[in-house]
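Down below is the structure, laid out as structure tokens.
The values are calculated or read from the model by the stated rules, or taken from the named source; none is laboratory data. This structure is a prediction, so every number in the text was calculated from the model and none was measured. Cβ: placed from backbone, ideal geometry, glycine included. Neighbour counts: every protein chain shown. Surface areas here come from the heavy atoms of the whole protein model, side chains and all, with no ligands, DNA or RNA. Shrake-Rupley method; radii C 1.70, N 1.55, O 1.52, S 1.80 Å.
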Amino acid sequence: MAIALAISEWSGWQAAVEDNHSELPEALTVSEAPDVAVIPPMLRRRLNLLGRACASQVLRLMPKEGNLPIVYCSQHGDIERTLKILDELVAGEPVSPMHFSLAVHNAICGVLSIQIGLNANISTIAAGQQGLVPVLLEAAGILQGGAERVLCVLCDVPLPEIYQSPDSLPPMPYSVCFVVARSEGIRLSLEQTDRDCDRSRADQLPTCLMDFLASDSTELALDHNGLVWTLARIND
Amino acid sequence: MEALELELKQLIIDTLELEDITPDDIDSTEPLFNEGLGLDSIDALELGVALQKRYAIKLNAEAEETRQHFASVRNLALLVQSQRQ
């Protein structure tokens, strides 16, 4: 069964790295640090790099008068804070209440909801490396529930050294944000296929969506949990 | 006492990751929470842990006297000083 939806706006951030010479989509901001100057310092201090990567793009796409539901997805979440808590426990020290309260998966969106004054639904997902399929499915479900538009954000930072392996992703901090609508924007069809997963897509990150939207390609293949889904443009 | 107040201000800034704030920006007598410096309940807990680590001071979060100790930098300094004696 194919699911019809549309993507009306998109935006992303990626940390600048020296050896990256590949062509990047126009909507992707590459800089040393995400721009979150609009958030007052007393609230901003609650956001570390992952939170700031997420916030910088959500604040770009969240309409001023809008109260869009959010779907947030991160593979590892705020794992730096979790690791700090574990370090404190191992050392027999009291655990930081701030790290404890901000280590939960929906904490970043909680901080953002204070900034935006948001009271719409927030869904948070941890769905492996390629979170686009579950995010799009969640967004489609929220549209079915009556919402006109859903703001989606996917973000991650590289794993702390202790968890690193040669193939661990992402290589650099990034965030991707987009607005899913019923029909306004680029109209797309999401469908599960019976194709085999392609090893060449092993290091595919959610930023591939921005490449796809900016290109002339008719279809984006997404591997998720051993299944291949396609996101195809619907031509009028 | 002044040196201790400065030490506590720096502890607050470092522990609570207060960006763009220096010890000079914190008035020793102004309220730390809400209308003064603007700290919140998580900051109170975090500060409690920091006092425990640095000065081995254990506070009861529910006690009324704890509210008094946390009212300002000066009150915190008085608490630390009394524990040292």
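Carbon and sulfur: what percent of chain A's accessible surface (1.4 Å probe)? Please list the in-between numbers first.
Values: 5640 of 11380 Å².
Percent of accessible area from carbon and sulfur atoms in chain A: 50.
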Those residues in the range A:32-53 that give up at least 50 Å² of accessible surface, probe 1.4 Å, once the partner protein chains are present instead of the chain by itself are A:Met42, A:Arg45, A:Arg46
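Which GluC sites (Glu not before Pro) in chain B sit in a loop by DSSP (not H, G, I, E or B) and have at most 16 other Cβ atoms within 10 Å of their own Cβ?
Loop-located and lightly packed - B:Glu17, B:Glu19, B:Glu35, B:Glu62.
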Surface accessible to a 1.4 Å probe, per residue, for the residues of the protein assembly as shown, Å²:
51 Å²
With a 1.4 Å probe and all protein chains kept in place, how much accessible area does A:Val228 have, in Å² rounded to the nearest 10?
0 Å²
Can you pull out the GluC sites (Glu not before Pro) in the range A:55-162 that DSSP calls coil and that have at most 10 other Cβ atoms within 10 Å?
A:Glu65
Area hidden from solvent between A and B (accessible, protein heavy atoms only, 1.4 Å, total, Å²)
1300 Å²
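As a check on your grasp of the helix formula, calculate [θ] at 222 nm for chain B: sum -39500 (n - 2.57) over DSSP H runs of n ≥ 4, divide by the residue count, round to the nearest 500.
Only helices count here, giving -17000 deg cm²/dmol.
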Treating only Lys and Arg (+1) and Asp and Glu (-1) as charged, each at its beta carbon, one finds that chain B has a dipole about its Cα centre, in Debye to the nearest 20, of 600 debye
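For chain B, rounded, prolate or oblate, judged on the Cα gyration tensor with a ≥ b ≥ c (square roots of eigenvalues), a/c < 1.5 rounded, else prolate if a/b > b/c?
Rounded is the answer for chain B, as its axis ratio a/c remains below 1.5.
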Classify the range A:89-164: rounded, prolate or oblate, from the alpha-carbon gyration tensor (a ≥ b ≥ c, eigenvalue square roots; a/c under 1.5 rounded; otherwise prolate if a/b is larger than b/c)?
oblate
Tell me the carbon and sulfur percent of the accessible area for chain B, rounded to whole percent, probe radius 1.4 Å.
45 percent
Percent of all Cα-Cα pairs per 5 Å bin for chain A, counting from 0 up to the last occupied bin, reads 1, 6, 14, 18, 20, 17, 12, 7, 3, 1, 0, 0, 0
For the residue pair B:Glu35 and B:Gln81, what label-to-label distance in nm results when each label sits 7 Å from Cα along the Cα-to-beta-carbon direction?
2.6 nm
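Do any trypsin sites (Lys or Arg not before Pro) in the range B:54-85 lie in a loop, going by DSSP, with at most 11 other beta-carbon atoms within 10 Å of their beta carbon, and if so which?
Details: sites: B:Arg54, B:Lys58, B:Arg67, B:Arg74, B:Arg84; in loops: B:Lys58.
Taking the range B:54-85 and a limit of 11 other Cβ atoms within 10 Å, the loop trypsin sites (Lys or Arg not before Pro) found are B:Lys58.
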Buried by at least 30 Å² relative to the chain on its own: which residues of the range A:81-95 qualify, computing accessible area with a 1.4 Å probe on protein heavy atoms?
A:Pro94
Residues along the range B:1-41 losing 40 Å² or more of accessible surface when the other protein chains are present rather than the chain by itself (probe 1.4 Å)
B:Glu17, B:Glu19
Degrees between helix A:107-116 axis and first principal axis of chain A (Cα, 0 to 90, nearest 10):
80 degrees
